[in-house]
Amino acid sequence: MMMSTEAMKSLLKERGKLVESYLATCLDGQEMPPRLRESMLYSLQAGGKRLRPVLCLSCAALCGLKPEDVLPFASAIEMVHTYSLIHDDLPAMDDDDLRRGKPSNHKAFDEATAILAGDALLTDAFAHMCRMELPAGQVLRAVAEFARAAGSSGMVGGQEWDMLYTGLPPVSMAELRRMHAMKTGALLRASCVCGALLAGAADDVCERIGRYGAALGVAFQIADDILDVVSDTATLGKPAGSDAEQGKNTYPALVGLDEPPPGPRTGGCRLRRAGRVQRSRGRIPARPCRVHHHESGLRNDGKHCTVPAGQPDLTETGDGSF
């Protein structure tokens, strides 16, 4: 029997609270400079849906383990994700001044402290992962899986591709998919797989869960790219439109939000449902769309895109605090 949407939201919220509780005390008992602790907690406790650790908890539960049994590992995933956000916002990277509705870490403190806070969160995370009271072989496999996803062949490598592609002409779809599979998808996939590995799931189960996590990563990135176009800074909690302003290669930049009507394009695409309208504010380049609307769920009458009743409205799926 499939779980209802409301029941799923309730369960995810409940597991998110478990993560929040763990993160609130994860630095207790560690000696460090007070300013470094303040900087680490500033970003770690800035909110968010805690999607990645919740995926880990949920996949472990799916494979027969109590979510509480993998809480240190799952919360450590959020520590790594938080480090990546701190470093992404730095002037040498994306140079963003706002994160989750608050000044970015380097704005609230300073660049050096922000770099060190990110370094500390990344390093301390692996200590928390190793605190698991589970068979050592299962923990070791999960740690190795996550390390690969977070490092040069995963998130960090994807960020390098993102920087190399920024400001360049549109890349190919294959290059875009590779970049996002590494930068965003690798951590989401690993969050799912690590939950299964910690539960001692069979290899074929881990493989299927990995496919789910990879597909979720693609959907997540497309939604995030679209929200940067159709939403606003207050809703996102981070600067809206920054992808286009910085010349980022994104799904909307490559394929557009809609199939433009014949002739010169005027105005932006509109995503509508229940009378709600969001304009893209003309940020999408006027190039033909390579994604058919019957695949994306959108309908186009030549003037605007309509989200059919019952389909998720992308303007309602995120608040910039993923």
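The values are calculated or read from the model by the stated rules, or taken from the named source; none is laboratory data. Please read these numbers as outputs of a predicted model, since none were measured by experiment. Cβ: placed from backbone, ideal geometry, glycine included. Neighbour counts: every protein chain shown.
For the reader, a short list of remarks on this structure follows.
- Filtered residues of the stretch 239-249 (kept if in a loop (DSSP other than H, G, I, E, B), surrounded by fewer than 22 Cβ atoms within 10 Å (Cβ to Cβ) and touching a residue at least 60 places away in the same chain (Cβ under 8 Å)): Pro239, Gly247, Lys248
- Phe109 surrounded by 13 or more Cβ atoms within 10 Å (Cβ to Cβ), under 18 Å from the mean Cα position of the chain (by Cα) and in contact (Cβ under 8 Å) with a residue 60 or more places away in the chain: no
- Failed condition for Glu160, given (1) in contact with a helix residue (DSSP H, G or I) (Cβ under 7 Å, 6 or more places away or on another chain); (2) in a helix (DSSP H, G or I): (1)
- Selection within the stretch 58-77 - at negative phi and out of contact with any Phe, Trp or Tyr (no Cβ under 9 Å at 6 or more places or on another chain): Ser58, Ala61, Leu62, Cys63, Leu65, Lys66, Pro67, Glu68, Asp69, Val70
- Yes/no for Ile86 being more than 20 Å from Ile209 (Cβ to Cβ) and aliphatic (A, V, I, L, M): yes
- Pro135 without any contact (Cβ under 8 Å) to a residue 40 or more places away in the chain and more than 16 Å from Glu38 (Cβ to Cβ): no
- The stretch 200-222 residues that are polar (S, T, N, Q), paired with ones that are surrounded by 13 or more Cβ atoms within 10 Å (Cβ to Cβ) (beta carbon under 6 Å, 6 or more apart): Gln221/His180; Gln221/Thr184
- Of the residues Glu133, Glu78, Glu145, the single one that is among the acidic types (Asp, Glu), over 24 Å from Glu31 (Cβ atoms) and assigned to a helix (DSSP H, G or I) is Glu145.
- Candidate set: the stretch 157-195, residues that are touching a residue at least 40 places away in the same chain (Cβ under 8 Å) and small (Gly, Ala, Ser); chosen: the one farthest from Met79 (Cα to Cα): Gly167
- Looking across the stretch 57-89, the residues that are farther than 21 Å from Arg100 by Cβ and crowded, with 24+ Cβ neighbours inside 10 Å come down to Leu57, Cys59, Ala60, Val70, Phe73.
- Residue in the stretch 206-214 that is at pLDDT 90 or above, of a type in the set (Asp, Glu) and either farther than 18 Å from Asp88 by Cβ or in a loop (DSSP other than H, G, I, E, B) (or both) present: yes
- Members of the stretch 90-106 found to be on the phi < 0 side of the Ramachandran plot, in contact (Cβ under 8 Å) with a residue 24 or more places away in the chain and either part of a strand (DSSP E or B) or surrounded by fewer than 18 Cβ atoms within 10 Å (Cβ to Cβ) (or both), listed by number: Leu90, Met93, Asp97, Leu98, Arg99, Lys102
- Residues in the stretch 19-53 that are touching an Asp or Glu at 6+ places or on another chain (Cβ under 7 Å) and not in a loop (DSSP other than H, G, I, E, B) were compared, and the one that is surrounded by the fewest Cβ atoms within 10 Å (Cβ to Cβ) is Leu23.
- Scan the stretch 163-201 for residues that are among the hydroxyl-bearing types (Ser, Thr, Tyr) and part of a helix (DSSP H, G or I) and the total you get is 3.
- Residue in the stretch 229-248 that is among the small types (Gly, Ala, Ser), modelled with pLDDT of 85 or more and closer than 30 Å to Val70 by Cβ present: no
- Residues being of a type in the set (Asp, Glu) and modelled with pLDDT under 90 - total across the stretch 7-50: 0
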